[in-house]
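Have a look at the structure below before the remarks.
The values are calculated or read from the model by the stated rules, or taken from the named source; none is laboratory data. Computed from a predicted structure; not experimentally measured. Using ideal geometry, Cβ is built from the backbone for each residue, glycine included, and neighbour counts are taken over all protein chains shown. Keep in mind that these areas ignore ligands, DNA and RNA; they rest on the heavy atoms of the full protein, side chains included. Shrake-Rupley method; radii C 1.70, N 1.55, O 1.52, S 1.80 Å.
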Amino acid sequence: MDDREFDLEPALREVPERDAGSERDAEPRDSGRRGFLKAAGIAALGTAVAVPFARFFPEGLQPVGLAHAQGADMDAYAFKDQLTLLNDRPINAETAAHLLDDRVTPANRLFIRNNGNVPEHALEGDASGWTLTVDGEVDTPLELTLDDLKSNFETVTRQLVLECGGNGRAFFVPGASGNQWTTGAVGCPEWTGVRMRDVLNAAGVKPSAVYTGHYGNDPHLSGDPDKVPISRGVPIEKALEEDALIAWAMNGEDLPPIHGFPLRTVVPGYPGSASQKWLTRIWVRDQVHDGPKMGGYSYRLPAYPVAPGTEVPEDDMVVMTTMPVKSLITSPATGTQLGGRIVEVRGHAWADGDVASVHVSHDFGQTWQEAELEKPVNRYAWQHFTARIPLPQAGYYEIWARATDTQGRTQPVTTPGWNPRGYGNNMVHRIAVLAS
Ligand SMILES: Nc1nc2c(c(=O)[nH]1)N[C@H]1C(S)=C(S)[C@@H](COP(=O)(O)O)O[C@H]1N2
Ligand SMILES: [Mo]
C-alpha cells in the first residue's frame, strides 16, 4: 500500500472560529489568542503580552501570572508531541485522532485541560512535604504524605479513559464559548495509585456524606492566592466505586508536571474535571459540592431538552455526571489517499461501563458493518476495534464509527442535545479517505 495524504476534507473541517478560551465564569476571562498563535507562533508570546504600568514594576520582578505567560507553563508543555494548542493561558491542547493510535496513550500525546496555571512545585518536580488532607464528613480526618499513600494502601494500576466534558464542543451549532475541542480531549493512559475508596474508608465515611470536593493547588490566572481555578467533586457513591483512583503515576512514571504532579484523582466515566490535578484535599461534603465550576453553566446541562441557542435559566441547569458512549478512528489518518480499495480501520471505543459493539460505515451511515471489538483490559479502559472495509470504486469516502454500550445506547450521527456550554457531544467520528 502506498497511502498518501490528500487535502480533501472540507466537510470535516467546518469548525468556525470562536472565542476560543473564554469561560464566562472564569475571572479574568481565559485569554483567547488563537488567531494570534496562528499568525505569530508561540515564540513571540513573551514580547506580545501587554502589561499596563509595566514601567512601575521594580526591576527583576514580574507578576506571577505574567511569569507563567512568558514561558514556565509552555516549558512544561514542550514535551508534547504535535498536539494542537487551543489556548496558551491557561494551556489547553488536544490531540489529533491519528496521534491517539496507541493502545495506551503515551504521556506526550495526552490532551491538556488547565483552568489555572501549573503550580511552581510541579514545574520544579518538587514533591517534598506534599500532603493530602481528607476531611469533612469523616470520622477521622487524615493528613497523608505520599509515602503514607504508597505504603498504607493497596497500590493498583489501571488503564482509565480521561475525557474532557467539553470534548466535541466545536461541532455544536450555535457554538458555545470555551475551548473549541474537536475530538482530541480524550486519552487512556495507565494510571497507578490507590483506590479513593480505600482512603475514604480509612477516614471513615459518615452516613451524612453526599459528595466529594476535590482541591488542587494550581494558582488562579489572576494570581490572587485566595482564588481557586476549579474544584469539583463526585457523588459519594461514585467516589466509592473501585475504579476511582488517587494516582501518582502515569504509564509507570511520576505524573508529568502539567498533568498533576505529584498527585491527582482519576474518576473514569465522569467528565475529566472530576479528575483533580495537583491534589491537596478531598473534602467530604454533606451536600453537593459547591466549589468553583460546580455551579452556573460549568459542567452543567439543562434539566430538560432545549432548542439550540436557548438561554436557559441557571436554576434549570443540573450537574453533568456520566460521560456518553463514544469512539474514535485512529487509523488511517483523515486525509489518507489509499493505495487501493480496501480500508483497514482501527480505533478505540469507551463508555461509562463497557462497549458492546462498534459499527463502521463507508456510505454516510446508509449501511453499517460490525467491527472486531476487543474486551477492555479492565473496566473503564478503552476498547480497541478493527474493521476491514471494501470500497466499491475509486473516489471519496467518509468512514464513520459508531459505538454502542451494553445498555444499548449508541452514538448519534449528529450533535446530541444542544446545551449552553457544549458538553457531552458524542456524535459519530468521521474521517475522509480517497480510494484509488
Ligand atoms: N487542579 C486542577 N485539576 C484539573 C483541572 C484544572 O484546571 N486544575 N482541569 C480539569 C479538567 S476540566 C480536565 S478535562 C482534566 C484534564 O486532565 P489533563 O490535563 O491531565 O488531561 O483535568 C481536570 N483537573
Ligand atoms: Mo474538562
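Which condition number in (1) more than 21 Å from Pro271 (Cβ to Cβ); (2) in contact with a helix residue (DSSP H, G or I) (Cβ under 9 Å, 6 or more places away or on another chain) is the one that Val173 fails? Of (1) more than 21 Å from Pro271 (Cβ to Cβ); (2) in contact with a helix residue (DSSP H, G or I) (Cβ under 9 Å, 6 or more places away or on another chain), only one is false for Val173: (2).
Could you say which residue among Arg33, Arg113 is modelled with pLDDT under 85 and touching a strand residue (DSSP E or B) at 6+ places or on another chain (Cβ under 7 Å)? Walk me through how you get there before you give the answer.
On the way: Arg113 fails: modelled with pLDDT under 85.
Answer to the check: Arg33.
Of the residues contained in region 265-275, none is found to be more than 13 Å from ligand 1 (Cβ to nearest atom), within 26 Å of Ser151 (Cβ to Cβ) and touching a residue at least 12 places away in the same chain (Cβ under 8 Å). Every residue in region 226-235 that is open to solvent by 10 Å² or more (accessible area, probe 1.4 Å) and in contact with a helix residue (DSSP H, G or I) (Cβ under 9 Å, 6 or more places away or on another chain), please. Of everything in region 226-235, just one residue is open to solvent by 10 Å² or more (accessible area, probe 1.4 Å) and in contact with a helix residue (DSSP H, G or I) (Cβ under 9 Å, 6 or more places away or on another chain), namely Ile230.
Answer yes if at least one residue in region 150-168 is away from ligand 2 (no atom under 16 Å from the Cβ), without any contact (Cβ under 8 Å) to a residue 24 or more places away in the chain, under 30 Å from Pro207 (Cα atoms) and out of contact with any His (no Cβ under 6 Å at 6 or more places or on another chain), and no otherwise. Yes, because at least one residue in region 150-168 is away from ligand 2 (no atom under 16 Å from the Cβ), without any contact (Cβ under 8 Å) to a residue 24 or more places away in the chain, under 30 Å from Pro207 (Cα atoms) and out of contact with any His (no Cβ under 6 Å at 6 or more places or on another chain). Where strands (runs of 3 or more DSSP E) sit wholly within region 251-364, those with at least 1 residues that are under 18 Å from Gly424 (Cα atoms) and of a type in the set (S, T, N, Q) occupy 326-331.
Criterion first (at pLDDT 95 or above, open to solvent by 20 Å² or more (accessible area, probe 1.4 Å) and out of contact with any His (no Cβ under 7 Å at 6 or more places or on another chain)) does Leu301 satisfy it? Yes: the conditions hold for Leu301. In the condition set (1) in contact with a Pro (Cβ under 8 Å, 6 or more places away or on another chain); (2) within 16 Å of ligand 2 (Cβ to nearest atom); (3) on the phi > 0 side of the Ramachandran plot, Gly223 is compliant with all but (2).
Out of the residues in region 176-192 that are under 21 Å from Gly269 (Cβ atoms) and assigned to a loop (DSSP other than H, G, I, E, B), which is nearest to the chain's Cα centre (by Cα)? Can you show your working first?
Within region 176-192, the subset under 21 Å from Gly269 (Cβ atoms) is 181, 183-192.
From the residues that got through so far, the ones that are assigned to a loop (DSSP other than H, G, I, E, B) too are 181, 183-185, 188-189.
Numbers: Trp181: 9, Thr183: 10, Gly184: 8, Ala185: 4, Cys188: 10, Pro189: 12 Å.
Here the residue is Ala185.
Residues being within 16 Å of ligand 2 (Cβ to nearest atom), touching a strand residue (DSSP E or B) at 6+ places or on another chain (Cβ under 6 Å) and under 23 Å from Leu328 (Cβ atoms) are entirely absent from region 193-214.
Summed over region 96-114, residues that are farther than 12 Å from Asn179 by Cβ, crowded, with 23+ Cβ neighbours inside 10 Å and within 10 Å of ligand 1 (Cβ to nearest atom) total 2. The residues of region 106-122 that are within 16 Å of ligand 2 (Cβ to nearest atom) and not in a loop (DSSP other than H, G, I, E, B), listed by number, are Ile112, Arg113. Filtered by the rule that a residue be open to solvent by less than 10 Å² (accessible area, probe 1.4 Å) and among the hydrophobic types (A, V, I, L, M, F, W, C), region 251-270 gives Leu255, Ile258, Leu263, Val266, Val267. Of everything listed in (1) more than 16 Å from ligand 1 (Cβ to nearest atom); (2) on the phi > 0 side of the Ramachandran plot; (3) buried (at least 20 other Cβ atoms within 10 Å of the Cβ), the single unmet condition for Gly178 is (1).
When Gly339 is tested against (1) modelled with pLDDT of 95 or more; (2) open to solvent by 30 Å² or more (accessible area, probe 1.4 Å), just one condition goes unmet, and that condition is (1). Taking region 271-288 as the range and being within 16 Å of ligand 2 (Cβ to nearest atom), open to solvent by less than 20 Å² (accessible area, probe 1.4 Å) and not polar (S, T, N, Q) as the test, the residues that pass are Pro271, Gly272, Ala274, Trp278, Leu279. The residues on offer are Glu154, Glu190, and the sole one that is over 24 Å from Pro256 (Cβ atoms) and open to solvent by 10 Å² or more (accessible area, probe 1.4 Å) is Glu154.
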